[in-house]
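The values are calculated or read from the model by the stated rules, or taken from the named source; none is laboratory data. This one's a predicted model, so the numbers in the text were calculated from it and none came from an experiment. Positions of Cβ are backbone-derived with ideal geometry, glycine not excepted, and every protein chain shown enters the neighbour counts. To get the accessible areas, we keep the full protein, side chains included, count just its heavy atoms, and leave off ligands, DNA and RNA. Shrake-Rupley method; radii C 1.70, N 1.55, O 1.52, S 1.80 Å.
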Amino acid sequence: MAATTGVISGNILLIYMDGDAIGCTTGATFSGTNNQTETTCKDNDGAVTFTPGSQDWNITVAGNTKFDAPVGLQALMVAWKTKAELTVRMGSENVDDPYVEGLAFISQFDWDGQVNETSTYSATFSPKGPISMFNT
């Protein structure tokens, strides 16, 4: 059973890379899809039908650039550049709460610096295998 109760603030949801929380984040998103395979037959008068096909997922993190964050821009940049295989998790700091976790690599990395604005980064983790759900 989840330890955190009530309406959950987005502020407590973090992205972890190899067990360490990514620093100074401003956004955390998990996205999952079930692709569909068409199974339409003439037997059902041509009505379009589908069955679940392959499954895909990704986790995206966004944050403010902070060079002194223990796991921040530099760690993400190195992981992207080296195409590292990482364990990525999205959830709260409380391990009794629901969370998702899987092996991934960084498929997209962005670092932005606009005039008179805070420098930001974002990274998308794409799967190297299935996603696992815990405490659900």
(request) Answer yes if at least one residue in segment 119-132 is closer than 17 Å to THR4 by Cα and either open to solvent by 50 Å² or more (accessible area, probe 1.4 Å) or touching a strand residue (DSSP E or B) at 6+ places or on another chain (Cβ under 9 Å) (or both), and no otherwise. (result) no
(request) Provide a single number: the residues in segment 89-127 that are in a strand (DSSP E or B), touching a residue at least 60 places away in the same chain (Cβ under 8 Å) and touching a Leu at 6+ places or on another chain (Cβ under 8 Å). (result) 5
(request) Consider ILE22 carefully, then state whether it is surrounded by 13 or more Cβ atoms within 10 Å (Cβ to Cβ) and over 21 Å from ASN135 (Cα atoms). (result) yes
(request) For LEU13, work out the one condition from (1) surrounded by fewer than 17 Cβ atoms within 10 Å (Cβ to Cβ); (2) more than 19 Å from PHE109 (Cα to Cα); (3) at pLDDT 95 or above it doesn't fulfil. (result) (1)
(message) Every residue in segment 73-104 that is closer than 29 Å to THR136 by Cα, open to solvent by 70 Å² or more (accessible area, probe 1.4 Å) and of a type in the set (Phe, Trp, Tyr), please.
(response) none
(request) Inspect segment 53-65 for any residue being in a loop (DSSP other than H, G, I, E, B) and either β-branched (Val, Ile, Thr) or open to solvent by 50 Å² or more (accessible area, probe 1.4 Å) (or both) and give the result as yes or no. (result) yes
(message) Whether any residue in segment 36-43 is open to solvent by 80 Å² or more (accessible area, probe 1.4 Å), assigned to a strand (DSSP E or B) and touching a residue at least 60 places away in the same chain (Cβ under 8 Å) is what I want to check.
(response) no
(request) Being without any contact (Cβ under 8 Å) to a residue 24 or more places away in the chain, under 30 Å from GLN74 (Cα atoms) and among the small types (Gly, Ala, Ser) is the filter here, so list the residues in segment 1-35 that pass it. (result) SER9, GLY10
